[in-house]
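The values are calculated or read from the model by the stated rules, or taken from the named source; none is laboratory data. None of the values given here were measured: they were computed from a predicted structure. Note that each Cβ is placed from the backbone with ideal geometry, even for glycine, and that neighbours are counted across all protein chains shown.
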Amino acid sequence: MNNADTDLRISSANRGTKITLQVDGVPCTAYEGETVHAVLLAKGIRVLRIAGKTGEPRGIFCGMGICYECRVTINGVPDQLACMTLATDGMQIETR
Ligand code: FES
């Protein structure tokens, strides 16, 4: 699921400055200080890629840079860890 209107964040929380990035070509709002992982979860995106050997969906597992299950393409660079990368304004994130 990825549409511009989905936002699963707690609405009352204080956040950093609002930024805009793209997830799979869809513009979305994020906030400075959020990881790419947090942005994707807020958009309801849980499947980040499909495992090459098994064809199984893969997504966030450890959330701390150990398992490498959260690899996405960021600004054209493949295999970046969503859980360890801070979202920045204008960033282009590709899943799958
Ligand atoms: S979720 Fe395990 S490395 Fe990112």
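Scanning segment 1-48 for residues that are within 23 Å of GLU69 (Cβ to Cβ), away from the ligand (no atom under 16 Å from the Cβ), part of a loop (DSSP other than H, G, I, E, B) and not small (Gly, Ala, Ser) yields MET1, ASN2, THR6, LEU8, ARG9, ASP24, LYS43. Within segment 1-20, residues that are within 13 Å of GLY33 (Cα to Cα) have Cβ atoms under 8 Å from residues that are of a type in the set (Phe, Trp, Tyr) and modelled with pLDDT of 85 or more in these pairs: ARG15/TYR31; GLY16/TYR31; THR17/TYR31; LYS18/TYR31; ILE19/TYR31, counting only partners at least 6 apart in sequence or on another chain.
Annotation for segment 27-40: no member residue is surrounded by fewer than 18 Cβ atoms within 10 Å (Cβ to Cβ) and of a type in the set (A, V, I, L, M, F, W, C). The single condition among (1) surrounded by 15 or more Cβ atoms within 10 Å (Cβ to Cβ); (2) more than 13 Å from ARG96 (Cβ to Cβ) that ARG15 does not satisfy is (1).
For segment 41-80, the tally of residues that are in contact (Cβ under 8 Å) with a residue 24 or more places away in the chain and surrounded by 13 or more Cβ atoms within 10 Å (Cβ to Cβ) stands at 12.
Residues that are assigned to a strand (DSSP E or B), away from the ligand (no atom under 14 Å from the Cβ) and polar (S, T, N, Q) within segment 49-92 comprise THR73, GLN92, listed in sequence order.
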